[in-house]
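Scroll down for the structure; my scribbles are underneath it.
None of the figures in this text is laboratory data; all of them are computed from the coordinates on show. Being a predicted model, the structure only gives us computed values, none of them experimental. Virtual Cβ from ideal backbone geometry, glycine too; neighbours counted across all protein chains shown.
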Amino acid sequence: MNKPAISLILGATMLSATLAACNSKTSASEKNFGIAVTQYFAKKGDMCLDPVKWPVDVYETDLRQQKLYPDGVAGQMAALEAAGLARGEDVESPGSAPKVKVRRYTMADAAKPYLHADAGGEPRICWGRKSLEKVERWTDPVKAGDHEEASVIYTYKLSNVAEWARKPQVKEAFPVLGRNVDGEHSQKEKLYVRSTPQGWEAL
C-alpha cells in the first residue's frame, strides 16, 4: 500500500476517533449538559409555595397587620382563599383560656391537583415548572476522585404556570412566586454536575 493511502486511512481513523469522543455521553458539550439539566428539572423542576402545615390559624394580631405586611400569614391565606385554594372560617382556638377567636384556614379541594411532595414528603402547592431554555456556558471539567465535575450556567423558562399564580394578590402575598412569574421569559441559574458512565448528572 502506498504512503498516500496509508495517510488517508490514518487520517480517517483519527477523525472517527475524534468524532466519537465529541459524541460521547461524557464529553463536555452543550447537548450533554442540556440533558443533565433537563433530567434535573424532571426531579426538582417544580415551582412551589413553601410547605404549609394545615390547618393554619390566623390570629387577630396577624389580621390587623395584613395591610402593612401583605406577605405575612394573614395576607398569604387571604390570597389563597381568594384564589379558591383555601377555605377560612372563624373559630375559637382550643386549649386557650379565655377563648381566643382565630380565622382557621383549611386546604380546598381545588388545591389538590397542584400538590407535590417535597424531598421530605411534605405536600406543597406547586404553581409551575422550570424548563430548559439554553445552556449558556460551562467550566472545564476537573478531576474529582473517580469522576469529573463541572458547573453549568443555563437559562430557564416557566411552563404550566397556574392561572391563580398570575393574580396580583397572590404575587404580592408570595414575593418569590411574583418575581419568578414576572420574569418568566428568561432566568439564569447554575448547576453543578458530575460525570458518570451514563453521562452527566446533577451533584
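Just from its helices, what would the mean residue ellipticity at 222 nm be for the chain, if runs of 4 or more DSSP H residues each count -39500 (n - 2.57) and the sum is divided by every residue, rounded to the nearest 500 deg cm²/dmol? If you can, show how the numbers build up before the last one.
Working: 6 runs with 64 residues, N = 203.
Value at 222 nm, helices only: -9500 deg cm²/dmol.
Mind checking the range 66-129 for chymotrypsin sites (Phe, Trp or Tyr not before Pro) that DSSP puts in a loop (not H, G, I, E or B) and that have at most 11 other Cβ atoms within 10 Å?
On the way: sites: 105, 114, 127; in loops: none.
Those that pass, being in a loop and sparsely packed, number zero.
Using the Cβ-Cβ distance between residue 92 and residue 67 with R0 set to 25 Å, the FRET efficiency works out to roughly 0.50.
Between 189, 172, 149, the Gaussian network model of the chain with springs among Cα atoms under 10 angstrom shows the greatest mean-square fluctuation at 189.
What is the sum of charges, Lys and Arg at +1 and Asp and Glu at -1, for the other residues whose Cβ falls under 10 Å from the Cβ of residue 114? Let's see the in-between values first.
Working: positive: 112, 124; negative: 46.
Net charge in that neighbourhood comes out at +1.
The range 33-66 and the range 144-203 have their alpha-carbon centroids 14 Å apart.
Relative to the dominant Cα principal axis of the chain, helix 3-22 is inclined by about 10°.
When the Gaussian network model of the chain links Cα atoms closer than 10 Å, the mean-square fluctuations of 72, 183, 121 top out at 121. Relative to the longest principal axis of the Cα atoms of the chain, the long axis of helix 30-44 makes an angle of roughly 30 degrees. Give me the percent of Cα-Cα pairs in the range 25-202 that sit more than 24 Å apart, rounded to a whole number. Roughly 50 percent, once rounded to a whole number. A Gaussian network model of the chain, with springs between Cα atoms under 10 Å, assigns the largest mean-square fluctuation among 69, 40, 154 to 69.
Listed here are the pairs 25/188; 31/112; 25/171; 112/134; 43/112; which of them are more than 30 Å apart at the Cα? Don't jump to the answer; show the numbers that get you there.
Working: 25/188 24 Å; 31/112 36 Å; 25/171 41 Å; 112/134 32 Å; 43/112 20 Å.
Violating the 30 Å Cα-Cα cut-off are 31/112; 25/171; 112/134.
An ellipsoid equivalent to the range 35-138, defined through the eigenvalues of its Cα gyration tensor, has semi-axes of 35, 15, 12 Å when rounded to whole angstrom and sorted largest first.
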